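S.K.: Before I ask anything, let me first share the structure, which is written out below as structure tokens.
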Number of protein chains: 4
Amino acid sequence: MTADLNKYSVRTDLALEAREMAQPDIHVPLPGVEEHVENAAGIRVTNLNVYNEEGSRAMGRVQGRYLTLEVPGLRKKDSDLQDRVATKFAQLFEKYLIESGVKSTDKVLIVGLGNWNVTPDALGPMVVENILVTRHYFELVPEQVSPGYRQVSAVAPGVLGTTGIESSEIVHAIVEKTRPDVIIAIDALASKALERVNTTIQVADIGIHPGSGIGNKRKGLTKEILGIPCIAVGVPTVCYASTIVNNAIELMKEHFKHENVKSRDVIGLLDEVSEQERLQLVKEVLEPLGHDVIVTPKEVDEFIEDMANIIASGLNAALHEAVDTNNVAAYTH
Amino acid sequence: MTADLNKYSVRTDLALEAREMAQPDIHVPLPGVEEHVENAAGIRVTNLNVYNEEGSRAMGRVQGRYLTLEVPGLRKKDSDLQDRVATKFAQLFEKYLIESGVKSTDKVLIVGLGNWNVTPDALGPMVVENILVTRHYFELVPEQVSPGYRQVSAVAPGVLGTTGIESSEIVHAIVEKTRPDVIIAIDALASKALERVNTTIQVADIGIHPGSGIGNKRKGLTKEILGIPCIAVGVPTVCYASTIVNNAIELMKEHFKHENVKSRDVIGLLDEVSEQERLQLVKEVLEPLGHDVIVTPKEVDEFIEDMANIIASGLNAALHEAVDTNNVAAYTH
Amino acid sequence: MTADLNKYSVRTDLALEAREMAQPDIHVPLPGVEEHVENAAGIRVTNLNVYNEEGSRAMGRVQGRYLTLEVPGLRKKDSDLQDRVATKFAQLFEKYLIESGVKSTDKVLIVGLGNWNVTPDALGPMVVENILVTRHYFELVPEQVSPGYRQVSAVAPGVLGTTGIESSEIVHAIVEKTRPDVIIAIDALASKALERVNTTIQVADIGIHPGSGIGNKRKGLTKEILGIPCIAVGVPTVCYASTIVNNAIELMKEHFKHENVKSRDVIGLLDEVSEQERLQLVKEVLEPLGHDVIVTPKEVDEFIEDMANIIASGLNAALHEAVDTNNVAAYTH
Amino acid sequence: MTADLNKYSVRTDLALEAREMAQPDIHVPLPGVEEHVENAAGIRVTNLNVYNEEGSRAMGRVQGRYLTLEVPGLRKKDSDLQDRVATKFAQLFEKYLIESGVKSTDKVLIVGLGNWNVTPDALGPMVVENILVTRHYFELVPEQVSPGYRQVSAVAPGVLGTTGIESSEIVHAIVEKTRPDVIIAIDALASKALERVNTTIQVADIGIHPGSGIGNKRKGLTKEILGIPCIAVGVPTVCYASTIVNNAIELMKEHFKHENVKSRDVIGLLDEVSEQERLQLVKEVLEPLGHDVIVTPKEVDEFIEDMANIIASGLNAALHEAVDTNNVAAYTH
């Protein structure tokens, strides 16, 4: 398939969805992938551990541990649920950090990727705005820092089109200057399923790879590049229109197949709609506006603000022992 | 077709597109519809006059005069072009007012429909913010008002979900209290073509009808309801996802038809995909998020601000003789 | 004193401060004024009942009941305290409504006065944005409204300079159209004491009077004008610079008096600095920018958002029995 | 004088005002300082060259060239004047760069200091948002860059309280990584005169020094620290309340002196109000809110946006030959 058509295929940044696409039947295990799912009080938590090359190939994902929280109820703007999700996320993230070998005294740099002025891409900068930063106290008045806090700093490096500099270059520069032990990178993602938009959080210990997220990240933020671990926290804030159109075409094929058709010819014909032809169709539908067309709920502004608050609250509680993991919202703006 | 499925059909608020759908061949005239198109310097101006019941039925639109400016180049964020569009819009709108029987001393109330906090629906309130209002000078210090100005007031009534009151009720109340001679209502619209989103302005002397625009307007703003003429100015800021999916399915049908198919059966089969079945398919694709799903370019925030400035500049120049129609941008924020 | 100089005097919208100015000694009762103060957990609650003409003259305030919450700790941005203040405000406001004769089924219109685009004047519109409105459910689907809710609507009428219409005219028009039983008007106020800015809430059953608040309200919102009771809820968001300068000059006079001065002449001289001379001095200091100069803490944007949330949460809980007064924050954005 | 009281003295970041304080009579030259003033069409341009140690001491300023534009008319929100100021600023800044030895091919990094979320401190980030950045084109598609453009990048490093990292450290890191030839740092300043707030632009080739600007800059951005020249562009967006109070007290002293006082004792007494006593008075007035209290016109939000546009437009035209210096506004958002 030509590279040009690639951008019209179904696109997702969620490992969960990559798994679904690799093997739609949830009961059939994927070789090289460990899975664990649990549901409680409206929050579905999935752990996917892609632990070898075979799993990585099957899923089309980098090896690593993917933790996902799905909370369909967030669409209803229930503040109580938001608080519970923040608390759950804080507890899970604290455990995730420990399992990743991050020590409670390790210095953390939080990186909010994305663009303030493009709502669905503003998640990262919004989270940064609500992070409880402490590094400057450790630098300036170390004797006054209470126990239970660690060194946390936070930056929103902006996007290439606004700064003229790759965000990875800016982060790299700041890492060399301030020497954190671990990076937590926040980014807006794309999902293939509308119902996961603004209701899902993914944590992955693989950093940020070029081409993931909804902005244009040409260079990544990974341990290979930065020399320190990078944990990615993402929320799908959009679907690509191409994904919607692909879904439509797939459904139409299904529709014909399930009809009581008279001749084998038709089924043959349908099977002949190759992936390339399908993408060509998608391209024709979407070309007028190029590949940046996105699908969002109309109220995207509010949903993203809510998700940013949940993540900032959760990170503040997970990173500082002094911040109570059971009442995380109290510490955030 | 069931009412329930209706919302999954192709939806547009542009008369221009209703005309395209009624008769795709631009050279075949529609009975009851007068048309005039002119192109100049990147701005395409279409006048559609739906002058009798037959035209109204053919187009599925209320009788009235529809003026449309299409400026694909606005997508490139060229400030010079923006200024030229504002100037052209001012000149056309001034002429439109005269042809509508609005006198240069008539008192104008500008109504910005929509919701500040939902970006694609914020066009109306944004325009209101940049309108040169003068009514209070006429009320408080009439002797100090320079010649060349008329009485203009402007309100953004909010949306039902935020106020608990129909915006039409609020406007009706203000009309009774302040007695303007004519209303100009600004609203965000939906287009069926992605390339028209944020690049098109429509003027119509039909007011606002329930169900048009991208918000939920249960009651309209029309001469029948308000007792004074209401001119609607709109900009498409979104496509509905349903429109995109319908386009995809149509293209797929075309695709099969143009293939060198072996048997007539297939063509028959394709023709049998009734409109109802198609909408059912669309529904299956989109149901997860309901019917409010919209498609926008990612940078919608900036585009809408630009369009709001163009419209406010144009209205200020068209409404006040003292504001120079050739240099409209100078008077706006 | 000339009217012109009046605007350079100490200005306050708080009854509490008018009382302090009328009689600085808190233990000396003012005739015609009932007072009750209580302190608990960092929240100081003052009830001032100006019950006759004499009290009104002494305080320079309209007769009525003034309830004030002072919470200096709000300056520290402590979310726990914010929640406690919202809860306390909800409880006090619920009681205040009952004492004002407002029944639990009375229809309420909340009016957010002020200007979205001027931060210290944006309190009213911000509160409106977070109000739980229900009137449309009662109108459209009355059978689906759960018990424990009353009819609430909310509007932000804008300011004269933006709309060309007095906000009181707009409110009056909406009252005539929608027939609420009581109005609650939210407004940003001016304080004479910097420490009360953004840390104080005042409730008064006197409505809004021309000249109060930080915007320009030429006509008021009162029972006389509207025909229904109007309860004002305000937060001081600014000091006028004139107030600061007056304080400075007073302090300087005190300074001389307390010095061990050699001659009686000096004290005489100081006493001769008449109020008019003092205001003339203030005018000279402030004239360059006119009378709109305000003093705020630099972080005014955040403080006002916090106060708007507290008030909206409190109102939502106080107005609807179904919203739990003990956990008010959960129902707000 | 104790350091503690120092913060209650008259504070200004404008060299122009430092000159006025050093020698109020404009016709008396300051040794070590070259001055040139010109007025044209409502724009007053002052060049102050502090060329030796004596001038530096007299003014209390670092040696360097200070260019100031004063435009009182900007307070009237006249878009024509805004355009003319942007054009004038572009022409003067282009000349200033040449005189500073900056070549037309030198790579520029623009640094927007300050805090997005605190309106009067948001000038720098707002300018960055409107800068025409090109560095990435030179890096990625150098062959496609038209002649007449130079390499420009732009960052808003945030403030210490939000990031936990000194903004100078972040800038230093980015300079080491991206190797620009010159830095242009944009910052909000404090003025001592209300009428200069939001109507004045200062350019200085001295970089940013600790303690200047309205944010808290502990470390500077200077050639000594960064290894490359740093040109500061600033706009006063606030007065400190302390400055207003000092003015008031000075005026009161003048008032007594000019009165027909009976006894020499009084004049003696007034002269005895030492600077320390005066600051003690100021402290008493302002202590309740600490030293961050600022004075602004109420409409600060809009004024700062206008100034940010003027500066961004001007920089875009001055930095790229291909951007026409005579019509600068056309290239900005």
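The values are calculated or read from the model by the stated rules, or taken from the named source; none is laboratory data. Here the structure is a predicted model, which means the values were calculated and not measured. Note: ideal-geometry Cβ built from the backbone for every residue, glycine included; neighbour counts use all protein chains shown.
S.K.: If the requirement is being modelled with pLDDT of 95 or more and under 30 Å from residue C:285 (Cβ atoms), which of these qualifies: C:22, C:15, C:3?
M.R.: Of the residues listed, the single one that is modelled with pLDDT of 95 or more and under 30 Å from residue C:285 (Cβ atoms) is C:15.
S.K.: Hey, residue B:170 hits all of (1) over 23 Å from residue B:66 (Cα atoms); (2) buried (at least 23 other Cβ atoms within 10 Å of the Cβ); (3) more than 10 Å from chain C (Cβ to nearest Cβ) but one; which does it fall short on?
M.R.: The single condition residue B:170 does not satisfy is (3).
S.K.: Right, here's the next one. Taking residue A:135 as meeting all but one of (1) under 24 Å from residue D:154 (Cβ atoms); (2) in contact with a strand residue (DSSP E or B) (Cβ under 7 Å, 6 or more places away or on another chain), write down the number of the exception.
M.R.: (1)
S.K.: At pLDDT 75 or above and surrounded by fewer than 24 Cβ atoms within 10 Å (Cβ to Cβ): which single residue out of C:236, C:229 fits that description?
M.R.: Matching residue, one of C:236, C:229: C:229.
S.K.: Can you confirm whether the range D:79-99 contains a residue that is in a loop (DSSP other than H, G, I, E, B), more than 8 Å from every other protein chain (Cβ to nearest Cβ) and in contact (Cβ under 8 Å) with a residue 12 or more places away in the chain?
M.R.: no
S.K.: Does the range A:266-280 contain any residue that is buried (at least 20 other Cβ atoms within 10 Å of the Cβ) and at pLDDT 70 or above?
M.R.: Within the range A:266-280 (the criterion being buried (at least 20 other Cβ atoms within 10 Å of the Cβ) and at pLDDT 70 or above), the answer is yes, since at least one residue qualifies.
S.K.: Now a separate question. Quick check, is residue C:162 touching a Phe, Trp or Tyr at 6+ places or on another chain (Cβ under 9 Å), of a type outside the set (A, V, I, L, M, F, W, C) and within 14 Å of chain B (Cβ to nearest Cβ)?
M.R.: Judged against the criteria, residue C:162 is a match.
S.K.: Output the residues belonging to the range A:4-54 that are touching a Ser or Thr at 6+ places or on another chain (Cβ under 8 Å) and on the phi > 0 side of the Ramachandran plot.
M.R.: A:32
S.K.: Could you tell me how many of the residues in the range D:284-323 are in a helix (DSSP H, G or I) and either modelled with pLDDT of 75 or more or of a type outside the set (D, E, K, R) (or both)?
M.R.: 26
S.K.: When residue C:202 is evaluated against the numbered criteria (1) closer than 29 Å to residue B:129 by Cα; (2) in contact with a Ser or Thr (Cβ under 6 Å, 6 or more places away or on another chain), which criterion, by number, is the only one it fails?
M.R.: (1)
S.K.: From the list D:193, D:188, which residue is touching a strand residue (DSSP E or B) at 6+ places or on another chain (Cβ under 6 Å) and more than 14 Å from chain A (Cβ to nearest Cβ)?
M.R.: Being touching a strand residue (DSSP E or B) at 6+ places or on another chain (Cβ under 6 Å) and more than 14 Å from chain A (Cβ to nearest Cβ) holds for just one of D:193, D:188, which is D:188.
S.K.: Regarding the range D:40-48, can at least one residue be identified that is within 28 Å of residue D:295 (Cβ to Cβ) and at pLDDT below 95?
M.R.: Yes, the range D:40-48 contains a residue that is within 28 Å of residue D:295 (Cβ to Cβ) and at pLDDT below 95.
S.K.: Does residue D:130 fit the bill of being buried (at least 22 other Cβ atoms within 10 Å of the Cβ), at pLDDT below 95 and within 21 Å of residue D:235 (Cβ to Cβ)?
M.R.: Spelling it out, it is not the case that residue D:130 is buried (at least 22 other Cβ atoms within 10 Å of the Cβ), at pLDDT below 95 and within 21 Å of residue D:235 (Cβ to Cβ).
S.K.: Does any residue of the range B:101-119 turn out to be within 8 Å of another protein chain (Cβ to nearest Cβ), surrounded by 16 or more Cβ atoms within 10 Å (Cβ to Cβ), farther than 25 Å from residue B:224 by Cα and not polar (S, T, N, Q)?
M.R.: yes
S.K.: Then there's this: Hey, among the residues in the range D:46-84 that are of a type in the set (Ser, Thr, Tyr) and within 16 Å of the chain's Cα centre (by Cα), which one's surrounded by the fewest Cβ atoms within 10 Å (Cβ to Cβ)?
M.R.: Result: D:46.
S.K.: Follow-up. If you go through the range A:62-73 one residue at a time, do you hit one that is under 19 Å from residue A:200 (Cα atoms) and assigned to a helix (DSSP H, G or I)?
M.R.: Yes, because at least one residue in the range A:62-73 is under 19 Å from residue A:200 (Cα atoms) and assigned to a helix (DSSP H, G or I).
S.K.: Kindly establish whether residue B:111 is within 17 Å of the chain's Cα centre (by Cα) and at pLDDT 95 or above.
M.R.: Criteria met by residue B:111.
S.K.: Continuing with the same structure: I'm checking my understanding of the structure. Among residues of the range A:145-187 that are hydroxyl-bearing (Ser, Thr, Tyr) and in contact (Cβ under 8 Å) with a residue 60 or more places away in the chain, which one is nearest to residue A:13 (Cα to Cα)?
M.R.: If we take residues in the range A:145-187 being hydroxyl-bearing (Ser, Thr, Tyr) and in contact (Cβ under 8 Å) with a residue 60 or more places away in the chain, then A:178 is nearest to residue A:13 (Cα to Cα).
S.K.: Another question, if that's okay. Among the residues that make up the range A:129-150, is at least one of them more than 11 Å from chain D (Cβ to nearest Cβ) and either within 18 Å of the chain's Cα centre (by Cα) or closer than 26 Å to residue A:294 by Cβ (or both)?
M.R.: Within the range A:129-150, none of the residues are more than 11 Å from chain D (Cβ to nearest Cβ) and either within 18 Å of the chain's Cα centre (by Cα) or closer than 26 Å to residue A:294 by Cβ (or both).
S.K.: Determine whether the range A:17-37 contains at least one residue that is free of Cβ contacts under 8 Å to residues at least 60 places away in the same chain, of a type in the set (Val, Ile, Thr) and assigned to a loop (DSSP other than H, G, I, E, B).
M.R.: Yes, the range A:17-37 contains at least one residue that is free of Cβ contacts under 8 Å to residues at least 60 places away in the same chain, of a type in the set (Val, Ile, Thr) and assigned to a loop (DSSP other than H, G, I, E, B).
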